[in-house]
Amino acid sequence: MPFKYAGRFNSFVFKNATVYDAIDSYTKMKGITHLEFNYPEHFTGYDIDEIIRRKKHLGVNGLAVRWRGADFKPGDFTNENPKTREKVIAMCREAVDVCRKLDGSVVTLWLENDGFDYPLQMDYARGWHQIVDGVREVADYASTGGKEIKISIEYKPYEERNFAMIDSTGMTMYLLEEIGRKNVGCTLDFCHMLMKHDNPSFGIALAAEKGRLFGLHMNDGYGWQDSGMIFGSVNPILALEFIYYLRLYDYQGVVFFDTFPIREDPFKETQANIDAFEKINGVIDRLGMDRIAEVIRAKDGVKVSGLMLDMLK
């Protein structure tokens, strides 16, 4: 099945490129089909009509809201300052409006400050209800007044806090049930799942079975930090399983490469992600979906090992 791809703007911006420069690079890249922005950082000082003109043939998948600054450090939706908490929600509403103007589909929320560092620092039940009520308010806004926009929750077990309130696939799925809105789903980040010791493909199955898999952040790493390495470079077998499950559930969303080319050329590094994803997808074509399904049904580690060795041929 063909996949749709988007790359990370900050891969370019953090190397002194502008948002316009990044868009121009993506229009020239083989395989890129969509753009994915951060809000407000990728719009501050830029003209939205110029962004629309420059993106040419590329679609816009959506926006990820980023709450930057000292005011948000104590919490995003769990912030005890009523004015700051309202600003958090207002920024989400603004992101929905911009997403609609760009004809995007998804606004992603990573609640980076909604967590705690010390015992006795969080009223857990109160914090939970603040998140549920806040996201529900955003979701209701996103479902009225124009094109319905999906709200997607991206979990991360730690970083920026020692403990995140929404820290796993299971906790995310529980949150979605509590919110009770059909336009709220989840974005699964491969590195974040490794950090939590969540099996990435298990997460796909949980979310896709409920029709709540709204987005992907693809990368790789060793599981103890958000390494943001090239997809499949560390865990190729997990990567193959992940793509197998994407195909099994007929994932129609965009594959966003959330990787960090600190020392690498950002253009080449993004292209390497696409090439790796396509190569592993081609291996699945060679092995066959039916054969992989047969090995899964057998629940036999020896057969799994044989399949893995055949992957390397």
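Bear in mind that the values in this text are calculations on the coordinates, not laboratory data. Since this is a predicted model, take the numbers as computed values, not measurements. Cβ sites come from the backbone with ideal geometry, for glycine too, and all protein chains shown count toward neighbours.
Less than 17 Å from a label point 7 Å out along the Cα-to-Cβ axis of Tyr158: which backbone N atoms in the range 175-194 qualify, by residue?
Answer for the range 175-194: 191-194.
Count the lysine pairs in the range 79-218 whose Cα atoms sit under 27 Å apart, keeping only pairs 8 or more residues apart in sequence or on different chains.
For the range 79-218, qualifying lysine pairs total 22.
Please arrange Phe267, Phe9, Phe163 by counting, for each residue, the other beta carbons lying within 10 Å of its beta carbon, fewest first.
Phe163, Phe267, Phe9
Each label point is 7 Å from the Cα along the Cα-to-Cβ direction; what then is the distance between the points at Leu58 and Arg93, in nm?
3.0
Can you sort Asp167, Asp300 from fewest to most other Cβ atoms within 10 Å of each residue's own Cβ?
Fewest-to-most Cβ neighbours within 10 Å comes out as Asp300, Asp167.
I'd like the distance separating the alpha-carbon centroids of the range 1-57 and the range 102-121, in whole Å.
The range 1-57 and the range 102-121 have Cα centres separated by 23 Å.
Given the C-alpha centroids of the range 70-85 and the range 196-224, what is the distance between them in whole angstrom?
After rounding, the separation between the Cα centres reads 28 Å.
What list of ³J(HN,Hα) values in whole Hz, one per residue of the range 239-247 in order, does the Karplus curve 6.51 cos²θ - 1.76 cosθ + 1.60 (θ = phi - 60°) give from phi, with Gly and Pro shown as x?
Residue by residue, the range 239-247 yields 5, 4, 4, 4, 5, 4, 6, 4, 5 Hz.
Relative to the first principal axis of the alpha-carbon coordinates of the chain, what is the inclination of helix 124-142, with its axis defined by its Cα atoms, in degrees from 0 to 90 and to the nearest 10?
90
Based on the Cβ-Cβ distance from Asn81 to Lys4, what FRET efficiency comes out when R0 is 41 Å, to the nearest 0.05?
0.55
When a footprinting reagent is the concern and you count Cβ atoms within 10 Å, what order do Thr78, Thr18, Thr270 take, fewest first?
Ascending Cβ contact count within 10 Å gives the list Thr18, Thr78, Thr270.
Roughly what % antiparallel, to the nearest 5, for the DSSP beta bridges in the chain?
10
What shape does the range 168-313 take by its C-alpha gyration tensor, where a ≥ b ≥ c are the square roots of the eigenvalues and a/c under 1.5 counts as rounded, a/b above b/c as prolate, and the rest as oblate?
Oblate shape, in that a/c is at least 1.5 and b/c is the bigger or equal ratio.
Given the DSSP H assignment, sum -39500 (n - 2.57) over each helix run of at least 4 residues in the chain and divide by its residue total; what's the result at 222 nm in deg cm²/dmol, nearest 500?
-14500 deg cm²/dmol
Once you have the Cα-Cα distance between Glu209 and Lys30, take 0.36 nm times their residue separation minus that, and quote the gain in nm to one decimal.
Roughly 61.3 nm would be gained on extension.
Quick one: angle between helix 19-28 and the longest Cα principal axis of the chain, in degrees between 0 and 90, rounded to 10, please.
Orientation of helix 19-28: about 20 degrees from the principal axis.
Relative to the longest principal axis of the C-alpha atoms of the chain, give the angle of the C-alpha long axis of helix 200-209, reported between 0 and 90° and rounded to the nearest 10°.
Between the helix axis and the principal axis of the chain, the angle is about 70 degrees.
What does the C-alpha gyration tensor say about the overall shape of the range 4-276? Classify as rounded when a/c is under 1.5, otherwise prolate if a/b is larger than b/c, or oblate.
Here the range 4-276 falls in the rounded category.
Can you classify the range 124-253 as rounded, prolate or oblate using the Cα gyration tensor, where a ≥ b ≥ c are the square roots of its eigenvalues, rounded means a/c under 1.5, and otherwise it's prolate if a/b beats b/c and oblate if not?
Oblate is the answer for the range 124-253, as a/c is 1.5 or above yet b/c matches or exceeds a/b.
In whole Å, how far is the Cα centre of the range 126-158 from that of the range 261-287?
32
Given points 7 Å out from each Cα along the Cα-Cβ axis, report the Met289 to Tyr249 separation in nanometres with one decimal.
1.5
How big is the Cα convex hull of the range 197-269 in projection, averaged over all directions, in nm²?
5.2
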